[in-house]
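Working notes, beginning with the structure itself.
Taken together, the values in this text are just the output of simple stated rules run on the coordinates, not laboratory data. Note that the structure is predicted; figures quoted are calculated from it, not measured. Using ideal geometry, Cβ is built from the backbone for each residue, glycine included, and neighbour counts are taken over all protein chains shown.
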Amino acid sequence: MGKNNTSHEKFKSKIGGQALIEGIMMLGPNTGAMACRLPDGTIDLETWEENNGKNAPWYKKTPLVRGCTSFVTSLTKGYKYMMKSAEKQITDEDEDDSKDKKKKKKQEKAEEAVKAAETKAESAPSAADEAVSEEKAAPAEAESSTASAKTAAAGEKKEEEKSSFDIFMYIGIFVGIALAIGLFVFLPKWLVAFIPGIKEHRIIRSFLEGIVKIALFVSYMYIVSLTKDIRRQYMYHGAEHKTIACHEAELPLTVENVRSQTRFHKRCGTSFIFIVLIVSILVMCLVPFSVTWQRIVASLVLLPLVVGISYECIRLAGNNDNLFTRILSAPGLAMQRITTREPDDSMIEIAIAAMKPCIPEDKEEDKW
């Protein structure tokens, strides 16, 4: 329905998103939202403020710099809300099982303590009697202390859980970045270095390293797509794209309208990664180093520049429709045949729920 309306195809929205575990996160100019399908079938919606509109800080507007900012934001927020979406899939039964295990351990410890107390009581009855009399003397005080302790413990536990979540989040991001560097920076350069005489041919070497990177990336994405959970996540990815396409076609956000849209989008993160790989090939052709470890260090140092250039390229591809931008977008769109799947209606409902709070009242703020 939206495909035939050519007057609507010109509108490009700033709103972007990410598929989560049984949910979707959307980020708009002024609002971010996460919608998840809970185990009981209901939709859980969480919103927060964003600052990506007219009053966005300079580092979100300056060419090249904004690409690095967007990349870091995507990593941190993506991982944070991925973890949150996973937590929302924990049912009361799961929590009860966990509580039962903890309760059992406490009961075992209590039984051990009782046995130890009985042993002491047998050897020192007078001391035990004195302890019992003291306990009877101040029951109200004991109850009050217990209640206060429980309240304080609950508050401390909540703070500890939040602190632990933040620590694990940053550890997860660090490990993810380290694995990505190992797989897509170190490994390709190390493998290509074994080719006899390759050190003398800088440009050929850079292209071969790039081909290995792309092959590893495509293989990795295909292999993980074979698992059931990732396939469902790719279906949510498709729902996210379709909902954004429906919004850009300026159609009402209904399941029927969203379902009819394409699941392929030029400004997808998959397309961005492909452009990063292509730009990195071109940049590395200019690097004069031939020693493998020097090329690895150069790749890491130049990564912010590569990311910045790639972001500007994807903005160019998103804003224009010509032969050059179609060629630029083609690899990423082809890759989306793996990273997106046709969603079911329940997934589309989640995407719509996440999308609606992110649409600003001022349409000008939403223009890409």
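For this structure, a couple of remarks:
- Neighbour-count order for Ser219, Ser346, fewest beta carbons within 10 angstrom listed first: Ser219, Ser346
- Here the residues Phe274, Phe324, Phe11, Phe264, ranked from fewest to most Cβ neighbours within 10 Å of their Cβ, fall in the order Phe324, Phe11, Phe264, Phe274.
- Shown here for region 170-244: chymotrypsin sites (Phe, Trp or Tyr not before Pro) in loop regions (DSSP other than H, G, I, E, B) with at most 12 other Cβ atoms within 10 Å, namely Phe194.
- Taking other C-beta atoms within 10 angstrom as a stand-in for reagent exposure, Met221, Met235 fall in the order Met221, Met235, fewest first.
- Region 290-364: translational diffusion in µm²/s, Stokes-Einstein, Kirkwood Rh over Cα pairs, 25 °C, 0.890 mPa s: 150
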